[in-house]
Amino acid sequence: MARVKYNGLVVEVPAGRSVLDALLDRGETIPHGCRAGACQTCLMQATQGTVPAASQRGLKAAHRERGLFLACSCMPEEDLEVCLPDTQQLRIAASIVGRRALADDVMELSLRTSEPFSYRAGQYVTLWRDAELGRSYSLANLPQTDGLLQFHIRRIEGGAFSGWIHDSARVGDALDVQGPMGDCFYTADDPEQKLLLIGTGTGLAPLYGILQDALAQGHRGAIHLFHGALARDGLYLHDSLTELAAQHNKLHYHACVLHGDDEPAADIRAGDVGALALERIGTPAGWKCYLCGDPTLVNGLRKKLFLAGAAMKDIHADAFLASGPAPRDPLND
Amino acid sequence: MASLYERLGGDAAVDAAVDIFYRKVLSDDRVNGFFDDVDMEAQAAKQKSFLTMVFGGPNNYTGLDMREGHKHLVERGLNDSHVDTIIELLGATLKELGVADSEIEEVAAIANSVRDDVLNR
């Protein structure tokens, strides 16, 4: 049992319970998202005491030194005094410069940042509509000199942020950008290496960024991009990817739908995207693999590709985690 | 005489072994049930520390870590037969990499030395 001081409160946190859940239990408002240590929405700062190393995983060294930590991953082992961090130092201002429907439920959102923003295509950021509502999205475009950032936002049933983007956000609306995060991006260490990109749904967004990066950096090995969707409408970049593949000999675009109710078109395969990919490329030994989207698919494929011969260091995965409700407190049930 | 770790090839040898070893562990139905729910990247890092230790390399393992780290698995039925399997797969990995039998025995002896801590007894 550790005591955590926050905002004039002293909260007792039982062993194994996170600072985030303990504070939410007490009715405090703490921004949060994935609850899995990935989105960094629940960033807090410890002003007294040492937080467990696990709660600082993935943070920049400068942030770790300032005592920043992820409240969802912080099961405190000693007493702490914590606060919400000064967001001015973590986020930069941006405004919406475009919205374009890519499919019924996917919107391309274009933002322009107020100052230069350094990132690698395929990384992700948290977009903040206001002080409390933040959600993570992958960067789908290459860094531009004018600070343009592009995202593919899928409408989540009842989703506060995606609902706002789809239904009511307007060009000129302001939001804040925090990040970038993640290590799912192109590296030019071996320009001849074959690349395997597999994504479902808007898992295509980071892959589209990675693909453009690889092409821009003159990658010479074959690039196979597999996009899986439930049905044809979910293949929301089908035409532009088909066109891009026609322009680049080394680029192969494979469109896959899970439910082929009617005969899919000649250029669309029906079935599981992972199985289709393995069938097409044979052994993934020696390939660099990028997997993005549905967590079950991403984690399952990571294992399959590894067992089929891909090196662990060559598998980059970005599982899209939904922002989840609080797990029940077993002690208070 | 060079240490076992140096004779095996140091950090580079561990890197060469870790994927082969972990792939064997995940493919072996006698033990892979213990690895179903783990984060593969975190687990690969742990496999690397484990291999560094059994290669006689620099490590920070303590008996207590071994006990704490495996307690939940012992509760799920981890026993001597599973430790035997891991040591067998370790040997097969080293064999594949061309390591001599005498050195494989040295590695197996180090792995065996933590058996009681792993099994929490």
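Here are the numbers for the structure shown:
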| quantity | calculated |
| --- | --- |
| Largest-first principal axis extents of the Cα set of the stretch A:1-141 (Å) | 50, 31, 24 |
| Chains A and B together, accessible area buried on both sides, 1.4 angstrom probe, square angstrom | 900 |
| Cα gyration tensor of the stretch B:13-60 - equivalent ellipsoid semi-axes, whole Å, descending | 20, 11, 9 |
| Nearest 10 degrees, 0 to 90: helix A:204-216 Cα axis against chain A principal axis | 60 |
| In degrees, nearest ten, helix B:101-113 long axis to first principal axis of chain B (Cα) | 40 |
| Dimensions (Å) - the stretch A:2-85, Cα atoms, principal axes, largest first | 29, 24, 22 |
| Cα shape, the stretch A:195-319, gyration tensor, a/c 1.5 rule | oblate |
| Rg and Dmax of the stretch A:91-181, Cα atoms only, in Å | 11.9, 35 |
| Accessible-area ranking of A:Asp213, A:Asp104, largest first, probe 1.4 Å | A:Asp104, A:Asp213 |
| Antiparallel DSSP beta bridges within chain A, as percent of all bridges there, nearest 5 | 55 |
| Accessible area (Å², 1.4 Å probe, nearest 10) - A:Lys304 | 110 |
| Computed P(r) (all Cα pairs; chain B; 10 Å bins; percent) | 13, 48, 34, 5, 0 |
| Charge dipole (debye, nearest 20) of chain A; +1 at Cβ of Lys and Arg, -1 at Cβ of Asp and Glu | 600 |
| Per-residue [θ]222 nm for chain A (sum of -39500 (n - 2.57) over DSSP H runs n ≥ 4, rounded to 500) | -5000 deg cm²/dmol |
| 10 Å Cβ neighbours from other chains, averaged over peptide B:15-26 | 2 |
| Rounded tilt (10° steps) of B:10-27 against the dominant C-alpha axis of chain B | 40 |
| Positive-end residue, chain A charge dipole about Cα centroid, Cβ charges, pick of A:Leu230, A:Val257, A:Ala245 | A:Ala245 |
| Cα-based Rg / Dmax (Å) for chain A | 21.0, 65 |
| Solvent-accessible surface (1.4 angstrom probe) belonging to A:Leu244, in square angstrom, nearest 10 | 40 |
| Solvent-accessible ranking of B:Ser3, A:Ser114, largest area first, probe 1.4 Å | A:Ser114, B:Ser3 |
| Heavy-atom accessible area ranking, 1.4 Å probe, most first, across A:Arg91, A:Arg135, A:Arg232, B:Arg121 | B:Arg121, A:Arg232, A:Arg135, A:Arg91 |
| Long-range amide H partners of A:Ala310 with built H, under 5 Å | A:Ala285 |
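The values are calculated or read from the model by the stated rules, or taken from the named source; none is laboratory data. None of the values given here were measured: they were computed from a predicted structure. We place every Cβ from the backbone using ideal geometry, glycine too, and count neighbours over all the protein chains shown. These accessible areas exclude ligands, DNA and RNA; they are computed on the full protein's heavy atoms, side chains included. Shrake-Rupley method; radii C 1.70, N 1.55, O 1.52, S 1.80 Å.
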